[in-house]
1. Of 91, 120, which residue is farther than 16 Å from residue 30 by Cα and in contact with a helix residue (DSSP H, G or I) (Cβ under 9 Å, 6 or more places away or on another chain)?
2. Between residues in the range 40-56 that are more than 14 Å from residue 72 (Cα to Cα) and residues that are at pLDDT below 85 and surrounded by fewer than 16 Cβ atoms within 10 Å (Cβ to Cβ), which pairs lie under 6 Å by C-beta distance while being six or more apart or on different chains?
3. How many residues are over 13 Å from residue 39 (Cβ atoms) and surrounded by fewer than 16 Cβ atoms within 10 Å (Cβ to Cβ) if we restrict to the range 51-83?
4. Based on what the data block shows, is residue 111 farther than 20 Å from residue 31 by Cα and part of a strand (DSSP E or B)?
5. Given the residues 116, 39, which is the only one that is at pLDDT 90 or above and surrounded by fewer than 12 Cβ atoms within 10 Å (Cβ to Cβ)?
6. Of the residues that sit in the range 61-92 and are free of Cβ contacts under 8 Å to residues at least 12 places away in the same chain and not in a strand (DSSP E or B), which one is nearest to residue 116 (Cα to Cα)?
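The values are calculated or read from the model by the stated rules, or taken from the named source; none is laboratory data. Worth saying up front: this structure is predicted, and the values here are computed from it rather than measured. Here the Cβ positions follow ideal geometry from the backbone for every residue, glycine too, while neighbour counts run over all protein chains shown.
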């Protein structure tokens, strides 16, 4: 019987330990180079975002921006993403769908890249579920 109580206690405790996705202080810079301070919904992006939600004030209405309308977006002390034109190889990872060409098949795309290190030589990261 004590094991049952312990199990129920641990189960209830685990429900309360779930963290919520919250809006955190951040900013975005639009295509006209105007910086907007706002609260950005930090969803802990595993993959690079193509859009994000934001509020101008704590009690404000939630709005969405897609990457084509922003040059840069950041959550202070967490993450920063910049929009860049890059050449990327979208070849299939399935062996039967691979081509016989050894060279990469680059296509130009506009992507939000995570800024890992900034400086004279910056380091960016791109991760996509596929």
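1. Only one candidate qualifies: 91.
2. Listed pairs, sorted by first residue: 43/21; 47/128; 47/129.
3. 6
4. Values: farther than 20 Å from residue 31 by Cα: no; part of a strand (DSSP E or B): yes.
No: the conditions fail for residue 111.
5. Testing whether each residue is at pLDDT 90 or above and surrounded by fewer than 12 Cβ atoms within 10 Å (Cβ to Cβ) leaves just 116.
6. So, considering only residues that are free of Cβ contacts under 8 Å to residues at least 12 places away in the same chain and not in a strand (DSSP E or B), the one nearest to residue 116 (Cα to Cα) is 77.
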